[in-house]
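All remarks here apply to the structure that follows.
The values are calculated or read from the model by the stated rules, or taken from the named source; none is laboratory data. Model, not experiment: these values are computed from the prediction. Don't worry about glycine lacking a Cβ; one is built from the backbone with ideal geometry, like all the others, and counts go over all protein chains shown.
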Amino acid sequence: MTWGQFLPAIVIAYLLGAIPFSWLLVRVLKGIDLRTVGSGNLGSTNAMRVLGVPGGLAIQALDILKGWGPVYATGWIAGSSNAAAVGAPAASAPLPASSAMIAVGVAAIVGHMFPVYLKFRGGKGVNTSLGVFLALAPKALLLALAAGLVVLALWRYVSLASMTGAVVFPCALRVFYPEQTALLLASTALAGLIIWLHRSNIRRLLAGTESRLGKKIIVEKTNETDGKTGGA
């Protein structure tokens, strides 16, 4: 991928990652602002409490896709353009495909966390990270996902499962992709950011007030501030 392609790709990845599918679908289907109900988080778990399991899963799939899609597209573009760019001027010099894919993936995750469309208040980046790392390091992702699912099955806390997966993933990278230093650094930084964004969940976990998976909230269109409870 050339630098001339890379810079627009970063912007596009951020803007795609910033699309708030949970906010949009809850607004369209229920006529409410997801930020005013449940945990107030713009994630599939909070949306599932309002829309039910099918709606929550649809949002989860969309959030995963907006992470996977830009990374996959970047890899395809880089693979087809790097050879042709060798010896070209600096503005068109090739950028390693792996570096471009990591940077684009991070941009998509940051977009989800801090969306420009909603004054930079977004979700916690877990589903979009799943999509990004599915494209970049599927073996490590499967191990992290398995660890998270075990925690979820035992305690039914989505937030705890998400943080577990975020911590396990960089460790799994060292096992399956020891040469991927840049990806290790990026995933470690993202794990720290994901945990920081879960700080309210951590407080509720410690207090014993965190909502477990399966809790549903009832909201009225005419009163968007009702039903505020803890959650992921």
- Query: Quick one: which of Pro178, Pro170 is at pLDDT 95 or above, surrounded by fewer than 15 Cβ atoms within 10 Å (Cβ to Cβ) and not small (Gly, Ala, Ser)?
  - Reply: Pro178
- Boolean, Met163 is outside the structural domain of Leu197 (by TED's automatic domain parsing) and either modelled with pLDDT of 95 or more or out of contact with any strand residue (DSSP E or B) (no Cβ under 9 Å at 6 or more places or on another chain) (or both): no
- Across the range 42-71, what is the total count of residues that are more than 10 Å from the chain's Cα centre (by Cα), under 19 Å from Ile32 (Cβ atoms) and small (Gly, Ala, Ser)? 6
- Query: Within the range 149-165, how many residues turn out to be within 15 Å of Leu205 (Cβ to Cβ) and part of a helix (DSSP H, G or I)?
  - Reply: 11
- Note on the structure: By my count, helices (runs of 4 or more DSSP H) wholly in the range 28-147 with at least 2 residues that are surrounded by fewer than 18 Cβ atoms within 10 Å (Cβ to Cβ) and not assigned by TED's automatic domain parsing to the domain that holds Leu160 are 53-85, 97-113
- Which of the residues spanning the range 188-209 are among the β-branched types (Val, Ile, Thr), more than 13 Å from the chain's Cα centre (by Cα) and not in a loop (DSSP other than H, G, I, E, B)? Thr188, Ile202
- Subset tally (residues that are hydroxyl-bearing (Ser, Thr, Tyr) and either modelled with pLDDT under 95 or within 12 Å of Val26 (Cα to Cα) (or both)) for the range 36-77: 4
- Message: Name the single residue that is nearest to Leu152 (Cα to Cα) among those in the range 178-207 being in contact (Cβ under 8 Å) with a residue 40 or more places away in the chain and of a type in the set (Gly, Ala, Ser).
- Response: Ser200
- Give me the pairs: first residue in the range 16-36 and touching a residue at least 60 places away in the same chain (Cβ under 8 Å), second residue surrounded by fewer than 20 Cβ atoms within 10 Å (Cβ to Cβ) and hydroxyl-bearing (Ser, Thr, Tyr), beta-carbon distance under 7 Å, and six or more apart or on different chains, which are they? Ala18/Tyr117; Pro20/Tyr117; Thr36/Thr225
